[in-house]
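Step one of this worksheet: look at the structure below.
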Amino acid sequence: MVENRKKPDKSAPLPLYYQVKTIIKDKIEQGDYKSGCKIEPERELAKYFDVSRMTLRKAITQLVDEGYLIRRAGEGTFVRKPKFRQGLLWLTSFTEDMKNRGLKPDSRTIFIEEDRACYYLADKLNIEENTKVIILKRLRKADGEPMCIEKSHIPKFFLKSAELTMDSLNGASLYDFLQNEGIYLNHARETLEAGIADQEEAGLLEIQIGAPVIYRERTTYNSKNTPVEFVNSTYRADRYKFYVELMRKD
Ligand code: 16G
């Protein structure tokens, strides 16, 4: 694998570790290093690139920090799966999003319960305090891999004909269920925040406690601008990056 790789240019003004890092990163992005494959030992790579072990280690450490590589104690360093790049412009469901990527969406319902809206939730959903809400907490997976945890809150009065239960949802799409109830979601407002996984999140998402996560808070509205759903989601930061196109203001 190392044979057809470029080498750093020692006369170039760029630091050597940075050149080595860029060469390895390009190979990952171009698919020469396949996701899941083990890269050569540091000693071998340092010799090939003709750099010190310290320089090589700095390049590798940055690629680990940026999510391109993962070190497994006693096993070596491996290429990570590329992150999902998700646009922030379109209102899609998790199911749609995974299908568009050619992946099989799946859900594990952690609980569905009925509760009364507290002041905070009432404010988010623009309902009276103590109004009945259905709370649905799910672990969402793509091709069997945990991606995020979603806790949705929906005012019960929206659900007229069918009850939202484990059986009625049966691992399927919540947005499809709402559409079958005649509820059409039109737009949403969302915030993203950085966080670190606590014990429960780490267990469900199969990541280390303290690993970076992204908290997304979304309120989804129908065409009358009435909030239908308020969601708290925890996304794996090692599997997602978000994308938005920006325009100049003037
Ligand atoms: C998305 C939504 C979530 C919604 C879910 C429905 C975020 C950031 N986005 O993941 O609000 O509940 O889709 O997905 O949380 P489903 O129709 O596949 O159940």
### Query
Of all the Cα-Cα pairs you can form in the range 107-237, what percent are over 25 Å apart?
26 percent
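Can you pull out the trypsin sites (Lys or Arg not before Pro) in the range 205-250 whose DSSP state is coil and whose Cβ has at most 15 other Cβ atoms within 10 Å?
Lys224, Arg248, Lys249
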### Task
Please work out the FRET efficiency for the pair Arg71 and Leu246, using the Cβ-Cβ distance as r and a Förster radius of 41 Å; give the result to the nearest 0.05.
0.75
### Summary
Candidate cut points under trypsin sites (Lys or Arg not before Pro) in the range 114-199, DSSP loop plus at most 14 other Cβ atoms within 10 Å of their own Cβ, are Lys160
### Task
Work out the charge dipole of the range 84-243 with +1 on the Cβ of Lys and Arg and -1 on the Cβ of Asp and Glu about the Cα centre, then indicate which of Ala202, Tyr221, Gln86 is farthest towards its positive end.
Gln86
#### Entry: Once exposed loop chymotrypsin sites (Phe, Trp or Tyr not before Pro) are cut out (DSSP; at most 13 other Cβ, 10 Å), longest piece of the chain
91-183
### Task
Using all C-alpha to C-alpha distances in the chain, build P(r) with 5 Å bins and read off the rounded percent in each one.
1, 5, 11, 14, 15, 13, 10, 8, 7, 6, 4, 3, 2, 0, 0
### Query
Can you list the HN-Hα couplings for the range 36-48, worked out from phi with the Karplus curve (6.51, -1.76, 1.60; θ = phi - 60°), rounded to whole Hz and with x for Gly and Pro?
x, 7, 8, 8, 4, x, 3, 4, 5, 5, 4, 5, 4
### Task
Show that you can apply the helix-only estimate: for the chain, add -39,500 (n - 2.57) for every DSSP H stretch of four or more residues, divide by all residues, and state [θ] at 222 nm to the nearest 500.
-7500 deg cm²/dmol
### Query
For the range 179-250, with only Lys/Arg (+1) and Asp/Glu (-1) charged at the beta-carbon, what is the dipole magnitude about the Cα centre, in debye rounded to 20?
380 debye
#### Entry: Relative contact order computed over the range 16-79 (Cα-Cα under 8 Å; 6+ residues apart), in percent
42 percent
### Message
For the range 84-243, what does the relative contact order come out to in percent, with C-alpha contacts under 8 Å and a separation of six or more?
### Response
24 percent
### Message
Considering all projection directions equally, how large on average is the shadow of the alpha-carbon convex hull of the range 16-79, in square nanometres?
### Response
3.9 nm²
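Excluding Gly171 itself, calculate the net charge of residues whose Cβ lies under 15 Å from the Cβ of Gly171, where each Lys or Arg counts +1 and each Asp or Glu counts -1. Display every interim value, and only then the final one.
Values: positive: Lys99, Lys104, Arg108, Lys137, Arg138, Arg140, Lys141; negative: Asp106, Asp143, Glu150, Asp167, Asp176.
That works out to +2.
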### Loop sites in the range 74-161: GluC sites (Glu not before Pro), DSSP, at most 16 other Cβ within 10 Å
Glu75, Glu128, Glu129
### Query
Here are some pairs, Lys124/Lys160; Lys7/Lys47; Lys34/Lys99; which of them have Cα atoms lying more than 19 Å apart in this structure?
Lys124/Lys160; Lys34/Lys99
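Once Rh is set to the Kirkwood radius over Cα pairs, what Stokes-Einstein translational diffusion coefficient, in µm²/s, holds for the range 187-250 at a temperature of 4 °C and a viscosity of 1.567 mPa s?
96 µm²/s
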### Query
Helix 53-65 sits at what angle to the longest principal axis of the chain, using alpha carbons and giving 0 to 90 degrees rounded to 10?
10 degrees
### Alpha-carbon centroids, the range 68-98 and the range 219-250: separation in whole Å
18 Å
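Just so you know, all these numbers are worked out from the coordinates, no wet-lab data involved. Everything quoted here is computed from the prediction, not taken from an experiment. Neighbour counts run over all protein chains shown; Cβ positions are idealised from the backbone, glycine included.
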